[in-house]
Amino acid sequence: MLKEAFLEIFPEKPVPTFNQIVYSSRIRFYNAYASLRNSEITIKLSKNYENVNRSVVIGVLQSLLSRIYRKKIVTQRMREAGIFLEQQRKEYRPRIKNETPQELKESFQRINLEYFDNLLQMPLLNWGRDSYRRLGQYVGTFNLIRISRRLEKSPPYVLDYIMYHEMLHLQRDRNRKKHAKVHTKEFNTLEESFKLVKDAKRWIKENLSRRRYF
């Protein structure tokens, strides 16, 4: 399938070395990623693609390949993939609760006033799963900040720290180029400017798993 996708858009190029496509349950929604290292291309797709129409998947692969080779091209399969993804977004969005939990609203307002001069518009705010591996997430597609339910009973400064981190994503996502690094040195420096960052990290380390939490 990868070879077919490649030859349709680059018929004159020699076929590169492809690693086997990885379908991962850790990749949310219908997201997909590609990387080129040492002349080998690795493709990682959301596990949701396993039962998707083959032509649509090829369209997704072609979109990834066109980005890797920096070639602006649109094929019929890529259009099909675009239509499919737009339909999935429309179906997915209603499952996001529109009511804003009071604790999250108050946290957002505190951080917005203290660190962003009250300039950020409030996105959708929801509690997520009771996860210790991912305590916070900003979903740009839906302008949504989701916070793990593990923080419902945490000290306010811990919730505020996670909220601040996600609000940095909210602020910077508008100007970030696709596939650009997210947690840059500048981003990390801004994150460390949170007044109680050491206390918050200490509480997380002592009360939750030490695994990745963003």
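The numbers here are math on the coordinates, done by the rules we state, and not lab data. Model, not experiment: these values are computed from the prediction. Glycine gets a Cβ as well: all are built from the backbone with ideal geometry, and neighbour counts include every protein chain shown.
Overview of results
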read-out: Where labels lie 7 Å past Cα in the beta-carbon direction, separation of Glu152 and Glu12 in nm; value: 6.0
read-out: Set Lys47/Lys195; Lys47/Lys71; Lys90/Lys195 screened for pairs whose C-alpha atoms are more than 29 Å apart; value: Lys47/Lys195; Lys90/Lys195
read-out: Angle between the chain longest axis and helix 102-115 axis [Cα atoms, degrees, rounded to 10]; value: 90
read-out: Bridge type composition, the chain - antiparallel percent by DSSP, nearest 5; value: 55
read-out: Sequence of Lys3, Lys47 once ranked by neighbouring C-beta atoms within 10 Å, starting from the fewest; value: Lys3, Lys47
read-out: Nearest 10 degrees, 0 to 90: helix 76-92 Cα axis against the chain principal axis; value: 30
read-out: In order through region 55-63: 3J(HN,Hα) via Karplus (6.51 cos²θ - 1.76 cosθ + 1.60), integer Hz, x for Gly, Pro; value: 5, 5, 4, 4, x, 5, 4, 5, 4
read-out: Amide H contacts under 5 Å for Gly136, placed H, 5+ residues apart; value: Ser148
read-out: Per-residue ³J(HN,Hα) for region 166-171, Karplus 6.51 cos²θ - 1.76 cosθ + 1.60, θ = phi - 60°, Hz, x for Gly and Pro; value: 5, 5, 4, 4, 4, 5
read-out: Gain in span if fully extended, Met1 to Lys90, counting 0.36 nm per residue against the direct Cα distance; value: 29.3 nm
read-out: Percent RCO, i.e. relative contact order, over region 2-93, from Cα pairs under 8 Å lying at least 6 residues apart; value: 26
read-out: Size descriptor, Kirkwood hydrodynamic radius, that averages inverse alpha-carbon separations across region 50-151, Å; value: 16.4
read-out: J(HN,Hα) series, region 154-164, from Karplus relation 6.51 cos²θ - 1.76 cosθ + 1.60, nearest Hz, glycine and proline x; value: 7, x, x, 5, 6, 4, 5, 5, 5, 4, 4
read-out: Relative contact order (%) - criterion: Cα under 8 Å, at least six apart; region: the chain; value: 13
read-out: Spacing of the two label points (7 Å from each Cα toward its C-beta) at Asn38 and Arg54, in nm; value: 3.2
read-out: Inter-site label distance for Val197 and Arg133 at 7 Å from Cα along Cβ, in nm; value: 2.6
read-out: For the chain, fraction of C-alpha pairs farther apart than 31 Å, in %; value: 33
read-out: Mean separation of Cα contacts under 8 Å (6+ apart) over length of region 83-172, as relative contact order %; value: 25
